[in-house]
Structures are given as structure tokens and as C-alpha cells.
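The values are calculated or read from the model by the stated rules, or taken from the named source; none is laboratory data. None of these values were measured; they are calculated from a predicted model. All Cβ positions, glycine included, derive from the backbone under ideal geometry; neighbour counts span all protein chains shown. The protein model used for the area step is the full one, side chains on, heavy atoms only, and it has no ligands, DNA or RNA in it. Shrake-Rupley method; radii C 1.70, N 1.55, O 1.52, S 1.80 Å.
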Amino acid sequence: MKYVVNTMGTIQDIVAEKCVEYFERYRRRSFVTPKSYLSFIGGYKAIYKEKFTSLGSLSERMRTGLAKLMEAEVSVNQLSKELVMKEKDLAVASKKADEVLLEVTMKAHAAEKVKMQVQTVKDKAQAIVDDIAIDKTAAEEKLEAARPALEEAKAALQDSITEETVELLEPYLNMEDYNLETAKKVCGNVAGLCSWTQAMAYFYGVNKEVLPLKANLALQEGRLAAAQTELNSAQNQLDEKQRELDEVQAMYDAAMKEKQALLDDAEACRRKMNNATALIEGLGGEKLRWTASSKNFQNQITNLVGNVLLATGFLSYSGPFNQEYRNLLLQLWKKEMDNSKIPYSKNLNLTGMLVDNATVGEWNLQGLPNDDLSIQNGIIVTKASRYPLLIDPQGQGKIWIKNKEKNNGLQVNNLLCITGSLSVLHKYFPTSH
């Protein structure tokens, strides 16, 4: 910092010497004062802070971009390793799923075969059950129809009777006058024997019809129980085979779910790796440029002390001089900075450092000539910290400033003295400080 302060003083002294020389050669008088030096210092501080902040921001962005690329490269390597492992796991899971599928297929075929056999037995048993149910229903209906007569006969009868007895009674039972009324007339108190014999014969007839029905009903119930047992057994076998099939199907579903999960995981990993690879390949050229730019930014930051010193000296002192003397001053300043070992960029372009091409293009559209001297004068007008005075015999500076500031409420009085609400009144072609 000591060398910078000393050099700034020397720069002021060099300008003071050249002011005298310039007057002797071109008869244009110019001065430097202590206020000029204070303005020089203030301008240096402001421009250095601005450029340091800008370069620091750009450098940080480059470092961040390079770090992201490095992270992507590391990520690709890691994802590549992970993908290899996931593909191995996927191969194992696929083999397991294929084995389970084979087992499922075999058991499914076996179960389906047994199911068909059992279903045949079940259908046959069900048909038998249905037929027996029909016969049983018919037997129950017949038995139910005969039940009143049987109950009546039982009510009248307290003994048993045989078929032979019924055959012996049949001639009498067929007589028209063999009834209770006639018996009462003929036999009196023993007329009840007539009703008893009739009841005995009637019971025998009814019971003869009912007994086969009962026997048939018992037979059908036995067949039904046997058929139902066979049907239940067939259903149990069918259910057992279905359970076996469900178990292996569940095993297959679990294996396929595991396989699909591994497949999705591997695909996600592959997609991330492809995206990262595409990013790295797409920015491969940018990496080289960013690396070079990052180094260049560091060099610029190192050289910023001297570069800002030259730029601030240019803004503070070069205004009154023509292009020849401006170049001469810069050469003398650089020589002094070399002697003081103050770093600066050897190929420094002050115009490019102080203004961008877009702004210069806008100035040209507003009427500023496109030659180097006019652009330098435009930089001094817009960047200098003090009010320069314009020598503008052709009116180019006035036209440019009027166009440039027309949207800022600029007014021109009848003395062609430009005034306005700007915080700094910009002038063109300064002649003194």
C-alpha cells in the first residue's frame, strides 16, 4: 500500500510536468491541484471496490461451476459402481424369480390337473347329491301324505296284525253290512269287535305302504350322507390344492416385486448417471474455459491494484490532453509502477475495463462518434468524479448528451448551457481540472 500511495503522488507530479510541456507545444493550459489529487484518491477507492467486488463475484461463480462439475464427475464414478452392484443384485433376483416362476408353473399345472380331477369328482358327487335330494324329497312327501292315515290307524289299534289275518278278514270286510251300525243291531255289546277288525285291516294296509317309504327314505338319507362325505372330501382336496397354488403364487409375486424394485432402482441410478454424464460431456469444453477463466480472474485480482491505478489516473488526469499525450502519460505511469513493483496487466485495455461494448454501441446510436478518442471522452464524461468542461466546436458532444439524457428531464437554456436534475452534470471534452 505504501508503494501505491507514493506512486499516486508521482503520477500527479508527472501530470503537472506534462501540463507545462503541453502548453508550450499546443498553447493549451491545464493545471493539477491538491483537490485533483484528493479526487484521484477518492476515485481509486471507489473503482477498486467496484472492480474487486465484480471480479470476486465472477471468480466465485467460476469456482462454484467447477466444483459442481467435479461433484458430477465424482457422482458419475460412484453411480457407476453402484449400478454394477445393482445389476448384480438384479441378476440374482431375476434368476430367483425365474426359478420361482418355474416352480409356480409346475405346481400350477399339477394343481390344475388335480383340480380338474377333483372337480370331476365334485361335480359327480354334487349330481348324486342333487338326485338323492330329489328322491328324498319325494319320499318325504309320500310319507307326509300317508302320515294322517297312519296316525289314525295307530290311534285305533293296541295290537299287531299279520298279512294272513288280514286275508282271512277280507271276505267279511267286503260285505256291505259289515259295519258298526249293523253289528250293534245284531250283536249288541260286542259290536266294537267289528270296528276293531276294520281298524286292524286299515292299519295293516296303511303301514304296508308307509314301510317301503320309510325304508326308501332311510336308504336315500344314507346315500346322501355318503355322497356328501365324498363331496366334502373332494372340496377339501380342491381347497388344499388352491392353498398350495396361492402359496407359490405369493412367492412368485414377492419375487417379482423384489425384482421390479431392483429394476426401478437400477434404472433410476442409470438415469442419474446418464444425466450427469451428459452434463459433463456437454460442459467438457466449458470446464477448460472455466478453469482458464478462474486462473485469469485470480491474476486480474492480483493485478487489480495497478489496473485501477492506471484507470483512475486516466479518468482523473487525461481529459485535457490529446491522444498522443494520453498514451505518453500511460507509458510514464507504467514505467513508474514497474519501478515500484506494482502489478498490472501488460495488455490492459482501459476502454474495455471501464465500459462494455453494449454501452459503447448505445452511445454511438445516441450520436457519439465511434473513434477511440471520442469513446475515451465518453468514458471520462460518465465515469470521472469531477465536472469536466467540454470544448465542442462541432456540437457532437452536445448532441450526444441531449440524446443520452432526454429521458431524465434534461433542459437546454438559451445560452446552450446544459442543465438538468442529474447528480453529476456530464460534460464533453474536458480541458481542465
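Numbers for the structure displayed
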{"read-out": "Region 74-109, residues that are in contact (Cβ under 8 Å) with a residue 24 or more places away in the chain and among the aliphatic types (A, V, I, L, M)", "value": "Val76, Leu79, Leu83, Leu90, Ala93, Ala97, Val100, Leu101, Val104, Ala108"}
{"read-out": "Selection from region 60-85 of residues that are under 13 Å from Thr277 (Cβ atoms), surrounded by fewer than 17 Cβ atoms within 10 Å (Cβ to Cβ) and not aliphatic (A, V, I, L, M)", "value": "Glu73, Asn77, Gln78, Ser80"}
{"read-out": "Among the residues listed as Leu389, Leu365, the single one being at pLDDT below 80 and open to solvent by 20 Å² or more (accessible area, probe 1.4 Å)", "value": "Leu389"}
{"read-out": "Selected residue (only one of Ala254, Ala292, Ala278 is assigned to a helix (DSSP H, G or I), within 31 Å of the chain's Cα centre (by Cα), modelled with pLDDT under 80 and loosely packed, with under 14 Cβ neighbours inside 10 Å)", "value": "Ala278"}
{"read-out": "Yes/no for Thr105 being of a type in the set (Ser, Thr, Tyr), open to solvent by 60 Å² or more (accessible area, probe 1.4 Å) and assigned to a helix (DSSP H, G or I)", "value": "no"}
{"read-out": "Scan of region 392-407 for residues that are closer than 13 Å to Pro369 by Cα and either touching a residue at least 60 places away in the same chain (Cβ under 8 Å) or open to solvent by 60 Å² or more (accessible area, probe 1.4 Å) (or both), ordered by number", "value": "Gln394, Gln396, Lys398, Ile399"}
{"read-out": "Meets criteria (in contact with a strand residue (DSSP E or B) (Cβ under 9 Å, 6 or more places away or on another chain) and either of a type in the set (D, E, K, R) or at pLDDT 90 or above (or both)) for Lys383", "value": "no"}
{"read-out": "Odd one out for Gln237 among (1) touching a Leu at 6+ places or on another chain (Cβ under 8 Å); (2) open to solvent by 70 Å² or more (accessible area, probe 1.4 Å)", "value": "(1)"}
{"read-out": "Region 336-358, residues that are open to solvent by less than 30 Å² (accessible area, probe 1.4 Å), closer than 22 Å to Asn6 by Cβ, in a loop (DSSP other than H, G, I, E, B) and not small (Gly, Ala, Ser)", "value": "Ile342, Tyr344"}
{"read-out": "Filter result (modelled with pLDDT under 90 and open to solvent by less than 10 Å² (accessible area, probe 1.4 Å)) within region 302-316", "value": "Leu304"}
{"read-out": "So Glu176, is it open to solvent by 90 Å² or more (accessible area, probe 1.4 Å), at pLDDT 70 or above and not in a helix (DSSP H, G or I)", "value": "yes"}
{"read-out": "Any hit, region 368-390, residues being closer than 23 Å to Glu405 by Cα and without any contact (Cβ under 8 Å) to a residue 12 or more places away in the chain", "value": "yes"}
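Residues are listed down the side, and each one gets a yes or a no for (1) within 51 Å of the chain's Cα centre (by Cα); (2) of a type in the set (Gly, Ala, Ser); (3) part of a loop (DSSP other than H, G, I, E, B); (4) closer than 24 Å to Leu330 by Cα:
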position	(1), (2), (3), (4)
Val360	yes, no, no, yes
Gly367	no, yes, yes, no
Ser374	no, yes, no, yes
Leu390	no, no, yes, yes
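Conditions tested, residue by residue: (1) hydrophobic (A, V, I, L, M, F, W, C); (2) over 30 Å from Met256 (Cα atoms).
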{"residue": "Thr64", "(1), (2)": "no, yes"}
{"residue": "Asn77", "(1), (2)": "no, no"}
{"residue": "Leu83", "(1), (2)": "yes, no"}
{"residue": "Glu87", "(1), (2)": "no, no"}
{"residue": "Ala91", "(1), (2)": "yes, no"}
